[in-house]
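Notes for the one structure printed next.
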Amino acid sequence: MLKVRIIPVLTFNGFGLVKTKQFTNPRMLGNPLQTARVYNSRGVDELAFIDIYATKQKRKINLKLVSDVIKECYMPVAIGGGIASIEDINDLLKIGADKVIIKTKALTDHEFIRRSVFFFGSQCITVAVDAYKVDDGYKIYNTENIDISLHEFIRQMVDCGVGEFVVTSVDNDGMMEGFDIELIKQVSVITTVPIIAVGGGGALEHYKALFSETSVEAVGSASIFHFTQFTPNDIKLELKAINKPVRI
Amino acid sequence: MVAIINYGMGNVASVQKALNFLNISSKITADHTEISEADFLILPGVGSFTQGMNNLAENGLDLLLTNEVINKKKKIIGICLGMQLIFANGTEPAPVKGLGWIEGTVEKFELDNLRIPHMGWNNIDVVNDTYFKNTKTNDFYFIHSYHAVPEDKNVIAATVNYGFDVVASVQKDNIFATQFHPEKSQAAGLEILKSFFGQNA
């Protein structure tokens, strides 16, 4: 049986790891290599590493650093940040990334997403869906002033053939008060593409609620691992108790 | 020495990292002489079937590898797309010929209630345990939207349940291949590579 995935998400600012709250106020957290090493030794299911300022600061992700992070990992790694060309993806795959996470370019250039899927296969192309709540649903948070609803964006990306969505609740990011279950429910109704739910996990019961109330099969988290004593394994034990298949 | 075939289709670095960890010497290469001289071959790869075959053909690697594997009987392990390309026929995105070392077709998943790609850790059922004897756990990392359907079911070395019994590994003579990624499957994956290469690499 396919196991649910618990994925630590490392967000990076070009120098060190940071953790934001509602996509602002980045708090410095330290060294990505050390952190990757710890997660590898704990045998986590997968790791996501995202340079959340690459696009904004108009720079490419630091390939040397990413390569060093990947070297610590004997599990799958997804890399995101500033990806805007086929060459960018190739560079990341060459140093051992398994998937790439694309955000801004997915909003501005569908042809690029289509080509990426054609070259690398849909399993390799993950799209970041950063959603915030509005009166009548959800919209996609972005710095390009693109006004697009959650439904429309997901529909477009499914049409491009992408292989996975990282769905992050901007409102719940870093708040550690629970996931936006309504958001995850909405996405899982629109698409059969795998979803990683992100944003809001702070206590074990939040994960229990997410997995019992939605059909999601993967969760990404940062704060709970940085700021509490809980490990990915603690979450798995909690999920095992509600009969979710986990890999321990 | 192990030649990791470099044909522009991803994950070669991860494969080499796993071999380094096991102290197995390897080279990432597309060089015909180096490939001919290697003791073992690895055909890794992620991406689409057609693109993979095109890239192999571009460098004459399709003919070279077929000679090494079929005529010279060199041991090879195919991983993910590398397993799929071993089959006679692909369908991604349109019907296309594969390397044809094993008869069969690689088809797209058609599943009503399950998400595609099949992505994540799933447990396999071993049918032929030649290279699975030392694995302590049965969970391996899968990431694929297409799956292989061999004509001769005797080549199946392991299956994984995802809506039905999907082929997770095949073995025929000197050819061994896995749909999952041993190099990404931590201890259990490393054990498989160790069994395959033995002490001779």
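Given the structure, is A:ASP109 away from every other protein chain (no Cβ under 14 Å), out of contact with any Leu (no Cβ under 7 Å at 6 or more places or on another chain) and surrounded by fewer than 17 Cβ atoms within 10 Å (Cβ to Cβ)? Write out each step before concluding.
Values: away from every other protein chain (no Cβ under 14 Å): yes; out of contact with any Leu (no Cβ under 7 Å at 6 or more places or on another chain): yes; surrounded by fewer than 17 Cβ atoms within 10 Å (Cβ to Cβ): yes.
Criteria met by A:ASP109.
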Restricting the stretch A:212-248 to residues that are among the hydrophobic types (A, V, I, L, M, F, W, C) and within 14 Å of chain B (Cβ to nearest Cβ), the one surrounded by the most Cβ atoms within 10 Å (Cβ to Cβ) turns out to be A:VAL219
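In the list A:LEU29, A:LEU47, which residue meets the criterion of being within 14 Å of another protein chain (Cβ to nearest Cβ) and crowded, with 17+ Cβ neighbours inside 10 Å? Full working, then the answer.
Working: A:LEU29 fails: within 14 Å of another protein chain (Cβ to nearest Cβ).
Exactly one of A:LEU29, A:LEU47 is within 14 Å of another protein chain (Cβ to nearest Cβ) and crowded, with 17+ Cβ neighbours inside 10 Å, namely A:LEU47.
Filter the stretch A:1-13 for residues that are over 19 Å from A:THR228 (Cβ atoms), away from every other protein chain (no Cβ under 13 Å) and touching a Lys or Arg at 6+ places or on another chain (Cβ under 7 Å) and give the result. Let's see the steps before the verdict.
Applying the first criterion (over 19 Å from A:THR228 (Cβ atoms)) to the stretch A:1-13 yields A:1-5, A:12-13.
If we keep only those that are away from every other protein chain (no Cβ under 13 Å) as well, we get A:12-13.
Once the filter is applied, which keeps residues that are over 19 Å from A:THR228 (Cβ atoms), away from every other protein chain (no Cβ under 13 Å) and touching a Lys or Arg at 6+ places or on another chain (Cβ under 7 Å), the stretch A:1-13 yields nothing.
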Taking the condition of being more than 15 Å from B:VAL170 (Cα to Cα), within 14 Å of another protein chain (Cβ to nearest Cβ) and part of a strand (DSSP E or B), how many residues in the stretch B:75-131 meet it? 9
Inspect the stretch A:159-173 for any residue being over 17 Å from the mean Cα position of the chain (by Cα), within 14 Å of chain B (Cβ to nearest Cβ) and on the phi > 0 side of the Ramachandran plot and give the result as yes or no. yes
Could you tell me which residue of the stretch B:140-160 is farthest from the other protein chains (Cβ to nearest Cβ), considering only residues that are buried (at least 22 other Cβ atoms within 10 Å of the Cβ) and in contact with a helix residue (DSSP H, G or I) (Cβ under 7 Å, 6 or more places away or on another chain)? B:ALA148
Any pair with Cβ under 9 angstrom, 6 or more apart, that starts in the stretch B:9-24 at a residue that is within 7 Å of another protein chain (Cβ to nearest Cβ) and ends at one that is among the aromatic types (Phe, Trp, Tyr) and in a helix (DSSP H, G or I): B:GLY10/A:PHE120
I need a count of the residues in the stretch B:25-54 that are free of Cβ contacts under 8 Å to residues at least 60 places away in the same chain, hydrophobic (A, V, I, L, M, F, W, C), within 14 Å of chain A (Cβ to nearest Cβ) and part of a helix (DSSP H, G or I). 1
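Does B:MET53 count as closer than 17 Å to A:GLY121 by Cα, of a type in the set (A, V, I, L, M), modelled with pLDDT of 95 or more and within 17 Å of the chain's Cα centre (by Cα)? Spell out the reasoning first.
Working: closer than 17 Å to A:GLY121 by Cα: yes; of a type in the set (A, V, I, L, M): yes; modelled with pLDDT of 95 or more: yes; within 17 Å of the chain's Cα centre (by Cα): yes.
Considered against the rule, which asks whether it is closer than 17 Å to A:GLY121 by Cα, of a type in the set (A, V, I, L, M), modelled with pLDDT of 95 or more and within 17 Å of the chain's Cα centre (by Cα), B:MET53 comes out as yes.
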Could you tell me how many of the residues in the stretch A:211-230 are out of contact with any strand residue (DSSP E or B) (no Cβ under 7 Å at 6 or more places or on another chain) and acidic (Asp, Glu)? 1
Assuming B:THR91 fulfils every condition listed in (1) touching an Asp or Glu at 6+ places or on another chain (Cβ under 6 Å); (2) modelled with pLDDT of 95 or more; (3) not basic (Lys, Arg) apart from one, which condition is it? (2)
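Select the helices (runs of 4 or more DSSP H) contained entirely in the stretch A:150-248, then report the ones holding at least 2 residues which are touching a Ser or Thr at 6+ places or on another chain (Cβ under 7 Å) and more than 22 Å from A:GLY43 (Cβ to Cβ).
Values: elements: A:150-160, A:181-190, A:204-213, A:223-227, A:232-240.
Correct list: A:150-160, A:181-190.
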Being farther than 21 Å from B:THR29 by Cα, within 15 Å of the chain's Cα centre (by Cα) and surrounded by fewer than 21 Cβ atoms within 10 Å (Cβ to Cβ) narrows it down to one of B:ALA94, B:ALA88, so name that one. B:ALA88
Residues of the stretch B:165-188 being surrounded by fewer than 24 Cβ atoms within 10 Å (Cβ to Cβ), within 13 Å of another protein chain (Cβ to nearest Cβ) and not aliphatic (A, V, I, L, M), which ones? B:ASP165, B:GLN186
Restricting the search to the stretch A:92-148, which residues are modelled with pLDDT under 95 and in contact with a His (Cβ under 8 Å, 6 or more places away or on another chain)? A:ASP98, A:GLN123
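The values are calculated or read from the model by the stated rules, or taken from the named source; none is laboratory data. For clarity, every value in this text was computed on a predicted model and none was experimentally measured. All Cβ positions, glycine included, derive from the backbone under ideal geometry; neighbour counts span all protein chains shown.
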